[in-house]
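Since the structure comes first, as structure tokens, the remarks are kept for the end.
The values are calculated or read from the model by the stated rules, or taken from the named source; none is laboratory data. Note that this is a predicted model, so its numbers are computed, not measured. Here Cβ is always computed from backbone atoms with ideal geometry, including for glycine, and neighbour counts include all displayed protein chains.
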Amino acid sequence: MKKAPSGKPVGTGARGAPSVEEVDVRGAIYRHTGGGLMSRETAPKAISAVTQAYISRQSPSATALTLVSMMPGVNFAAADPMSATDQADMSSRGVDQPEIGYIFESVPLNFSLTGNPNTTAWADSENMARISFAQGASEIQDPTFSEVGGLLRASMRDPADNFGGAFDASYGSFDMHREFVRLDSGYIGHSGVKAYISFSDMMVRNWRGLGPNHRRHVDFKAVKDWSADSHTSLAVTYNDLLKSAYTQPTMAQWLKQGVNYNYPGTYTPGQTTYYKNFINVWQAIVVSMPSDLRLTRHLRLNVTPYMSWARGYAPAGTLLNVAGNYYGRSFYPENLGFAPTNAAHTQFNAISTNVIQDTYAGFNTFLTAHYGRSETLFGYWYNFDNGHMDYFYQGVGANGIAPDPTGEKAITFANGVRLSNQLGNITTQTNALYVSEKIGLIPDHLDLYAGFKEVMMSRDAQNQIPGTAYVRANSAHPLPRVSLNWRLNDTHQFFIDATTNFRVSPGNNLFTSYNINNGHIAHQGAAGPDEYAIGEEVGYRYNGPVLASVTFFNTNITNRQIVTIINANQISGTVSGGGQTNRGVDGEVATRPFHHVTAYVSGEYLHATEDNNIRAIATSGLVDYLPSAGKIAVRSPKWQAALGLAYDDGTFFGDMNLKHIASQYSTFMDDEKMPAYTNVNMSVGVRGSDWGWLKRPEFRLNFINVGDAHYLSGVASPVATARGARGIYGGKIAAGSASYYVGPGFAMLGTISTSF
């Protein structure tokens, strides 16, 4: 690592995000174990991580979810080869994406209305230093609680000590082009401050069907070194994304049409699937200012204020009554003035625009005291969130396009009321107190750790359309944890940990909404019981000629919340899945470089079962229960495995990454499942010598889905049964149709890059 100029403080790496000078991606990554797919970990829990060494060889447009897909336990359902959309899903150890905690630069990023992370808004891959995934447990001081399925953490690189920058440009399949530029200030005078700012722009069309995608992104980070081991940083990201939705076929649609099942490219009156009515916009800003300060020889203080703002709209085609519509329970007989387009001449083509805005701010602070063999931590976390989720309607023109898809110019009745079935608003306050104690029973060999976290949450939600119910939900959960860490020596480590977590239902589940065509309740808002989980892990790590880790796990979940797509706008919600038990083993092995070659292998065996008969509504309208107890849980492949090979001699480099996912069920009755699939990605490249002020220019080719396999990559929306079933009380449960993500097709892109 290069030293700062004389008089400039040097950090110790406590921030966990090394600068580009500490991870020389153009000259030293060939020394990384497993090509950057695995690093040495010492925490008493399962955790995997990728570093810039691996990230720098992948597609520059890759998101955090794409980059962790090789890790054990990660069941990633991709949809776009260029990662241009958040229309993807990640599950792990039998639980869904919103049941995983997400932290980016110390900011919790589970979107409160759906629980999803929207990772396209996170930092550009060139600025990512490390992405880790703890498959079963977070740290007690993390500002999150919904990590039933683990915690994904991403950190940006720190600014470089010296002035410089970086540039890359990519061009590839589906008219993809992307440009990135970053400027580092280096230390500014004798202030102890260094910073960088970057900008990227990417445009690409959908790989199947039609539709544009355009992402513009800004990253900024500044670091102030107060002393050798005290730091404050400021991180800011801004993202502006236009994205076109992909269809999510049922099994019947997939078997009949395959990758040709898409939104049509021409408008047909009376049909609601014209692709131009499914183009979304999403803007987001994330700001954090973490400080890690040494107060005395024995005391450290961490303080992190943060905020996040996001706004967007997601339209979808629909049909509205020409006359006679409902606003909540109120009937409006007036003619809306649009010509009918359906066969019965009673309805016209329109779009339903889901307008979303979410703003939250908070702070997380904790004090750590080190005395002898004891490490004591006290902390407090506060978060305030205000979210809106509205639906507005607008008629389309003769060309099938609405004049204003943002929802601002919605259909308005004569009395000034805008036609809507939901004007949802939810405020959420979270308070958490936590304390932990770590005792060195045998110095440098055996540590005992115990912690306790109390999370208190209050939520107030209402659809502000008259006649809808007001929902108030309060939650308070004690979350104890304990672990034992036994290091025999620098080579062998054993650990045991037990943790507890909980999750509330997503905010959009609390809104009651009505069908505007008939006034019937479309969704009954309710908080429902909180999901609660108790998990245990027993693991072993080896640090020798190879790195290896194996973890046996067991998780018991009550009131399981299963993600499903609730409408054509691709908005997700949850349905009750009763209890669930997840058991299995996962592991990974990585070699150190041998003749410039490294290898990585990961795998998981999972046995996830439903513990209860799941509530269902029979065709008679009466409540019944599916005989689902003992069935395999949805989105729970029994086997998965990954293989990574990398070569890097400092000039020539390349890698091959293979991931296999076994079949997985998409119904609670296990009467339909998605087939197994295997995906292979590759890269090759060459680095040149310095040329003037250009440092180690590089050319790289990335190949995604090398075999151009056409496959389903994940379950988008599970259902109770695909064939129909009898409830335990004899009621007939109607068959439904699960929907799926379609995996990305073959794509390639070339990238030129350099630093200066």
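Side notes on the structure shown:
- Residue count for region 166-210, restricted to those that are more than 25 Å from the chain's Cα centre (by Cα), closer than 24 Å to residue 694 by Cβ and polar (S, T, N, Q): 1
- Scanning region 249-305 for residues that are among the polar types (S, T, N, Q) and not in a strand (DSSP E or B) yields a count of 11.
- Taking (1) surrounded by fewer than 18 Cβ atoms within 10 Å (Cβ to Cβ); (2) of a type outside the set (A, V, I, L, M, F, W, C); (3) touching a residue at least 40 places away in the same chain (Cβ under 8 Å); (4) outside any loop (DSSP other than H, G, I, E, B) in turn, residue 352 satisfies each apart from (1).
- Residues of region 39-79 classified as within 28 Å of residue 209 (Cα to Cα) and out of contact with any strand residue (DSSP E or B) (no Cβ under 8 Å at 6 or more places or on another chain), total: 2
- Counted as qualifying within region 133-210 are the strands (runs of 3 or more DSSP E) with 1 or more residues that are acidic (Asp, Glu), namely 164-172, 176-184, 193-205.
- Among residues of region 306-327, those that are outside any strand (DSSP E or B) and buried (at least 21 other Cβ atoms within 10 Å of the Cβ), counted: 0
- Boolean, residue 302 is buried (at least 19 other Cβ atoms within 10 Å of the Cβ), of a type in the set (S, T, N, Q) and touching a residue at least 60 places away in the same chain (Cβ under 8 Å): no
- Residues being part of a loop (DSSP other than H, G, I, E, B) and more than 24 Å from the chain's Cα centre (by Cα) - total across region 669-692: 8
- Against the test of being crowded, with 22+ Cβ neighbours inside 10 Å and either part of a strand (DSSP E or B) or not assigned by TED's automatic domain parsing to the domain that holds residue 452 (or both), the options 364, 386 yield a single qualifying residue, 364.
So that you can scan it fast, the table gives a plain yes or no per residue for (1) surrounded by 18 or more Cβ atoms within 10 Å (Cβ to Cβ); (2) outside the structural domain of residue 539 (by TED's automatic domain parsing); (3) among the small types (Gly, Ala, Ser):
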{"residue": "576", "(1), (2), (3)": "no, no, yes"}
{"residue": "579", "(1), (2), (3)": "no, no, yes"}
{"residue": "586", "(1), (2), (3)": "yes, no, no"}
{"residue": "597", "(1), (2), (3)": "no, no, no"}
{"residue": "607", "(1), (2), (3)": "no, no, no"}
{"residue": "610", "(1), (2), (3)": "yes, no, no"}
{"residue": "614", "(1), (2), (3)": "yes, no, no"}
{"residue": "625", "(1), (2), (3)": "yes, no, no"}
{"residue": "628", "(1), (2), (3)": "yes, no, yes"}
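- Selection count, region 601-639, where residues are of a type in the set (Phe, Trp, Tyr) and over 24 Å from the mean Cα position of the chain (by Cα): 1
- Residues located in region 582-601, provided they are of a type in the set (Phe, Trp, Tyr) and either touching a Lys or Arg at 6+ places or on another chain (Cβ under 7 Å) or at pLDDT 95 or above (or both): 600
- One residue from 84, 123 being within 17 Å of residue 284 (Cβ to Cβ), buried (at least 24 other Cβ atoms within 10 Å of the Cβ) and at pLDDT 95 or above: 123
- One residue alone among 229, 292, 219 is touching an Asp or Glu at 6+ places or on another chain (Cβ under 9 Å), surrounded by 16 or more Cβ atoms within 10 Å (Cβ to Cβ), modelled with pLDDT under 95 and within 30 Å of residue 305 (Cβ to Cβ), and that residue is 229.
- Every residue from region 710-756 that is loosely packed, with under 15 Cβ neighbours inside 10 Å and of a type in the set (Val, Ile, Thr): 728, 752
- Residue 575 fulfils the conditions (1) farther than 16 Å from residue 96 by Cβ; (2) at pLDDT below 95; (3) in a strand (DSSP E or B); (4) touching a Ser or Thr at 6+ places or on another chain (Cβ under 9 Å) except for a single criterion, (1).
- Residue 59 being outside the structural domain of residue 641 (by TED's automatic domain parsing), of a type in the set (Ser, Thr, Tyr), touching a helix residue (DSSP H, G or I) at 6+ places or on another chain (Cβ under 6 Å) and over 30 Å from residue 231 (Cα atoms): no
- Candidates 722, 735, filtered to the one that is out of contact with any strand residue (DSSP E or B) (no Cβ under 7 Å at 6 or more places or on another chain) and not in a strand (DSSP E or B): 735
- Condition met for residue 707 (free of Cβ contacts under 8 Å to residues at least 40 places away in the same chain, surrounded by fewer than 19 Cβ atoms within 10 Å (Cβ to Cβ), outside any strand (DSSP E or B) and not acidic (Asp, Glu)): yes
- Flag if residue 150 is under 30 Å from residue 456 (Cα atoms), surrounded by 21 or more Cβ atoms within 10 Å (Cβ to Cβ) and touching a strand residue (DSSP E or B) at 6+ places or on another chain (Cβ under 8 Å): yes
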